[in-house]
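Every number here is computed from the coordinates shown, using simple stated rules; none is lab data. The shown structure was predicted, so the numbers you read here are calculated from the model rather than taken from an experiment. Using ideal geometry, Cβ is built from the backbone for each residue, glycine included, and neighbour counts are taken over all protein chains shown.
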Amino acid sequence: MKKKKIDLFEIINDTILCIIAFICIYPFLYEVFIGISDGRYLAAGQVTFLPKGINLEVFKYVLSNPKLDIGLGMRNSFVYTLFGTLVGILATYITAYALSRPQVKSRFVLMALFTMTWVFEAGIIPNYIILNKFGFIDNPLVMIIPGAINTQYLIICKTYLEGLPYELEEAATVDGANQFRILWNVYLPISKPIVATIGTFYAVNIWNQYLLPQIYLKSPQYKVIQQVLQSVVISSNSAGETMQTVIRNGISINQYNMKGAAVVIAMAPIICVYPFVQKYFKSGILIGSVKG
C-alpha cells in the first residue's frame, strides 16, 4: 500500500513537471509553428497551435532579404559572441585563479573591489562617459572588452578553483613548474565543467544584448540580431514594403510569418549550444570536491 502511494506521488509530480515544461516551451513552439505555416492559414486565423501548410519558404525569404538585415545581424552577433566568450573565459579564469591562490596576500582586497563594482553600479550615463573616453563609442570592441570579467561568474569560478586539491599545485611546484604552467597544464584540464558553464553564461549574455549595442553602436553595419529583431517584430518602421505579403513557390508569406521566423532564427543558435554543455552544468554550478 505504501509503495502504491509513493508511485502515485511520483506520477503526480512528473505530470506537474511536464505541464510546467510545456508551458515554458509553448511560446517558442508557437513561433516555430507560425514560421512554418502557410500565410493563407494565418490570415484566416486557422493556426491555433499546430502548423498548417508546413514549409520553409519564409526562412529562406527572411535570410535572403537584404532589407531585413537578419543576415548582417546574425553575422555580427556571432562574431561578438565568439570573441566575447573567448575573452571572457580567458580573463575570468586567469583572474579567478590568481584570487584563489593563498600566496596572493591582497586577494581579499581585490575581491572586495570586484564585488563593489557588482553591487554598486554607476549607471548608464557614467558608463557612457567612461567608455567614450576610452574610444568605445561606435566600436565593436564595446561588445567584448568592457564586459570581459563578470563579477558573478568570477565568484563562481574562484569558488570552484578553491575547491580543487591544493596538493596538485604543491606537487607541480616540486617538479619545477611555474604558476603559468600550473594554470594551463594542471588546473585548466580539470576545469572543463566551470569553463563550459561560464562560457555558456557569457555566450548567452552577449548574444541577447540589446541595450548595449543600441546605446554605443551607431553605425548600421554594427547592428546585432536583437536590434534587427526589434525592428522586425516591434518597430512600426518595418511595416512598409519589407513586410508586405509575398508569394514564393506558391506559398503565401505575410508579416506574421516573417516575425515568427525572425524570432526562431534569433533564438536557434543559443538553443543549439545547450545540449553540448548541459552535462557540465551540474558539476560546474554545484561547485564541490574533486573525486580521487
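For Gln46 and Val109 in one chain, what is 0.36 nm times their gap in residues minus the Cα-Cα distance, to one decimal in nm? Write out the running numbers ahead of the final one.
Numbers: separation 63, 0.36 × 63 = 22.68 nm, distance 6.26 nm.
Working it through step by step, the gained length comes to 16.4 nm.
At q = 0.11, 0.13 Å⁻¹, work out log10 I(q)/I(0) for segment 1-153 with the Debye formula, treating every Cα as an identical point scatterer and leaving solvent out; two decimals please.
So the normalised log intensities work out to -0.86, -0.94.
Give me P(r) over segment 57-285, computed from all C-alpha to C-alpha distances, binned every 5 Å, as integer percentages.
Binned Cα distances yield the sequence 1, 6, 12, 14, 14, 13, 12, 9, 7, 5, 3, 2, 1, 1, 0.
What number, in percent, do you get for the relative contact order of segment 26-172 if the mean sequence gap of Cα pairs under 8 Å and at least 6 apart is divided by its residue count? Write out the running numbers ahead of the final one.
On the way: 95 pairs, mean separation 35.8, N = 147.
Relative contact order comes out at 24 percent.
Nearest 0.05, what FRET efficiency do Ser219 and Lys60 give at R0 = 35 Å with Cβ-Cβ as r? Mind showing how you got there, number by number?
Values: r = 28 Å, r/R0 = 0.80.
Taking R0 as 35 Å, the efficiency between Ser219 and Lys60 is 0.80.
From the phi of every residue in segment 206-222, what ³J(HN,Hα) in whole Hz does the Karplus formula 6.51 cos²θ - 1.76 cosθ + 1.60 yield, where θ is phi - 60° and glycine or proline is x?
Calculated HN-Hα couplings, in order: 6, 4, 8, 5, 10, 5, 4, x, 5, 8, 9, 9, 8, 6, x, 6, 9 Hz.
Rounded to whole Hz and in sequence order, give me ³J(HN,Hα) for segment 90-107 from the Karplus expression 6.51 cos²θ - 1.76 cosθ + 1.60, θ = phi - 60°, writing x for Gly and Pro.
For segment 90-107, the Karplus-derived couplings read 4, 5, 5, 5, 5, 5, 5, 5, 5, 6, 9, 8, x, 6, 8, 5, 8, 5 Hz, x marking Gly and Pro.
Too long at a 23 Å Cα-Cα cut-off: which of Lys52/Lys259; Lys105/Lys133; Lys67/Lys133; Lys133/Lys158? Each step should come with its number before you reach the end.
Working: Lys52/Lys259 17 Å; Lys105/Lys133 33 Å; Lys67/Lys133 34 Å; Lys133/Lys158 31 Å.
Over 23 Å apart, Cα to Cα: Lys105/Lys133; Lys67/Lys133; Lys133/Lys158.
If you keep only loop residues by DSSP, which trypsin sites (Lys or Arg not before Pro) in segment 66-113 have at most 13 other Cβ atoms within 10 Å of their Cβ? All intermediate terms of the calculation are to be shown ahead of the outcome.
Details: sites: Lys67, Arg75, Lys105, Arg107; in loops: Lys67, Lys105.
When the trypsin sites (Lys or Arg not before Pro) of segment 66-113 are filtered for loop state and at most 13 Cβ neighbours within 10 Å, Lys67, Lys105 remain.
What are the ³J(HN,Hα) values, in whole Hz, obtained from phi via the Karplus relation 6.51 cos²θ - 1.76 cosθ + 1.60 with θ = phi - 60°, for each residue of segment 45-52 in sequence order, with x given for Gly and Pro?
My calculation for segment 45-52 gives x, 9, 9, 9, 9, 6, x, 10 Hz in order.
In the Gaussian network model of the chain, springs joining C-alpha atoms below 10 Å, which of Lys52, Lys133, Lys223 carries the largest mean-square fluctuation?
Lys133
Test of understanding: what is the full-extension gain from Glu121 to Leu86, defined as 0.36 nm times their sequence separation minus their Cα-Cα distance? Don't skip to the answer; put the middle values down first.
On the way: separation 35, 0.36 × 35 = 12.60 nm, distance 2.45 nm.
Length gained, Glu121 through Leu86: 10.2 nm.
Note down, for segment 67-155, the three equivalent ellipsoid semi-axes (square root of 5 times each alpha carbon gyration tensor eigenvalue), biggest first, whole angstrom.
Numbers: eigenvalues 176, 61, 20 Å².
The three semi-axes for segment 67-155 are 30, 18, 10 Å.
Of Ala196, Ala148, Ala122, which is the most mobile in a GNM of the chain whose springs link Cα atoms less than 10 angstrom apart?
Ala122
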